[in-house]
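Asks: Here you go, one structure.
The values are calculated or read from the model by the stated rules, or taken from the named source; none is laboratory data. The shown structure was predicted, so the numbers you read here are calculated from the model rather than taken from an experiment. Don't worry about glycine lacking a Cβ; one is built from the backbone with ideal geometry, like all the others, and counts go over all protein chains shown. Ligands, DNA and RNA are stripped out before the accessible areas are found, and what is left, the full protein with its side chains, is counted by its heavy atoms. Shrake-Rupley method; radii C 1.70, N 1.55, O 1.52, S 1.80 Å.
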Amino acid sequence: MKIGGGLVYGLPRATALNTLFFRRGIAISSLSVCSSRSPFPEHISFIKNVATTEPPQHLSYLLRLLKARGGSIISPGAKQGLIPLAIPLAKSSSGAVTALLRWPTAPSGLEMPVVEVQKHGVWLLARNVEQFINRILVEEDAKTSLGIDKVFLAATEDGEKFYQKGDFAKSQISDTDVYLLRKVGLFPDVIERKVMHHFAKEDHVSALVTAEFYTKKEHFPGFARPFVFNAEVLLKVGRNLEAKDAARGALKSPWWTLGCKYQEVAQIAQWEDEQIEYIKGKVTEEGKQEDLNKGKPRAQIALDEAAFLLDLASVEGTWDDSVQRVAECYKEAGLHNIAAFMLYRD
């Protein structure tokens, strides 16, 4: 099967879009008023009425923690220049935007992951809000800075359900990354650091085993990053042919989940511009007519085009240039609420 043909976690990407969780008939201009107990009603309302999905149960708690860590809470509609699937939450002092990802289709266990928005796509921070909350609390507790208490004071009754201050010290585990992997869950950057630590010790076997473990589909379904990193590891130990195959496999997933520039992965895959040209051909009128002649339904062709356009936009990070046409594709496929979400801007 041709690479770049719209695949995601084992299924045709555009076909998988038919499993979207959305509700029809909600106008984006009529955000509902949430409970006064929620300190961030705008985000809750946005997810319900614009993103048309259920907000994570502990989202308000996460927003309090992000603010306590020095972040600035930003409007969920402040999406200019960002991948249109993102729901912005907060911006750090360095300018990094933490967001929720509203998948075109949600793999099991990753219905609304927490991501950092980058120019070329997203970097997965945690599989869900609850996991990210626990990570923040562990990392703050492991620090020796004076700002720790401020983060824990941001916890109200929610804190009783999460990591408790002092548990890291009680565990007698000296390494924060080891604690996170054992007690909290798997995180891409933590696994990648673990691999590099193996290399630092010249333990190439453990590095290769850990990198392969990273790619197991149940860990981060839908994300290309584990396969990209595995390709980099294979290249590092001189297994160039396997690295090439791994990189080509990575490009079967959405390019905006690579965790780096497309060109870096294409270089390992030993491709130049042929995949970009292939996708550009698929979104032309001639390419779409060819699919139609083969019997592909018009709605499916529209969904394929949306996936292809997002891939192309990720190459240069030109999200705003293509968002209008991507939304039109969703409308043509009958997914009007998703189209409205993609287009929404403050």
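Asks: For segment 332-343, in order, what is each residue's ³J(HN,Hα) by Karplus, 6.51 cos²θ - 1.76 cosθ + 1.60 with θ = phi - 60°, in whole Hz (x at glycine and Pro)?
Replies: Computed from phi, the couplings for segment 332-343 are 4, 8, x, 9, 5, 5, 5, 4, 5, 4, 4, 8 Hz.
Asks: Write out the trypsin sites (Lys or Arg not before Pro) in segment 275-346 meeting two conditions: DSSP loop, and at most 14 other Cβ atoms within 10 Å of their Cβ. Provide the component values of the computation, followed by the final result.
Replies: Values: sites: 280, 282, 288, 294, 298, 325, 331, 345; in loops: 294, 345.
Taking segment 275-346 and a limit of 14 other Cβ atoms within 10 Å, the loop trypsin sites (Lys or Arg not before Pro) found are 294, 345.
Asks: Which percent of the accessible area of segment 213-258 is formed by carbon and sulfur heavy atoms (probe 1.4 angstrom)?
Replies: Carbon plus sulfur share of accessible area: 52 percent.
Asks: With a ≥ b ≥ c taken as the square roots of the eigenvalues of the C-alpha gyration tensor of segment 85-150, please select rounded if a/c is under 1.5 and otherwise prolate if a/b is larger than b/c or oblate if it is not? Could the numbers behind the result be given before it?
Replies: On the way: a/c = 3.01, a/b = 1.61, b/c = 1.87.
It is oblate, given that a/c is not under 1.5 and a/b is not larger than b/c.
Asks: At 1.4 Å probe radius, can you tell me the per residue accessible area of segment 206-262 in Å²?
Replies: Using a 1.4 Å probe on heavy atoms only, each residue of segment 206-262 averages 40 Å².
Asks: Follow-up. Report the full-extension gain for the segment residue 274 to residue 167: residue separation times 0.36 nm, less the Cα-Cα distance, to one decimal in nm.
Replies: Taking residue 274 through residue 167 to full extension adds about 33.3 nm, to one decimal.
Asks: Can you classify segment 200-346 as rounded, prolate or oblate using the Cα gyration tensor, where a ≥ b ≥ c are the square roots of its eigenvalues, rounded means a/c under 1.5, and otherwise it's prolate if a/b beats b/c and oblate if not? Working shown, then result.
Replies: Values: a/c = 2.45, a/b = 1.97, b/c = 1.24.
Verdict is prolate for segment 200-346.
Asks: Would segment 154-240 count as rounded, prolate or oblate if I go by the C-alpha gyration tensor, calling it rounded below 1.5 in a/c and otherwise prolate when a/b exceeds b/c, oblate otherwise?
Replies: Judged from the Cα gyration tensor, segment 154-240 comes out oblate (a/c at least 1.5, b/c at or above a/b).
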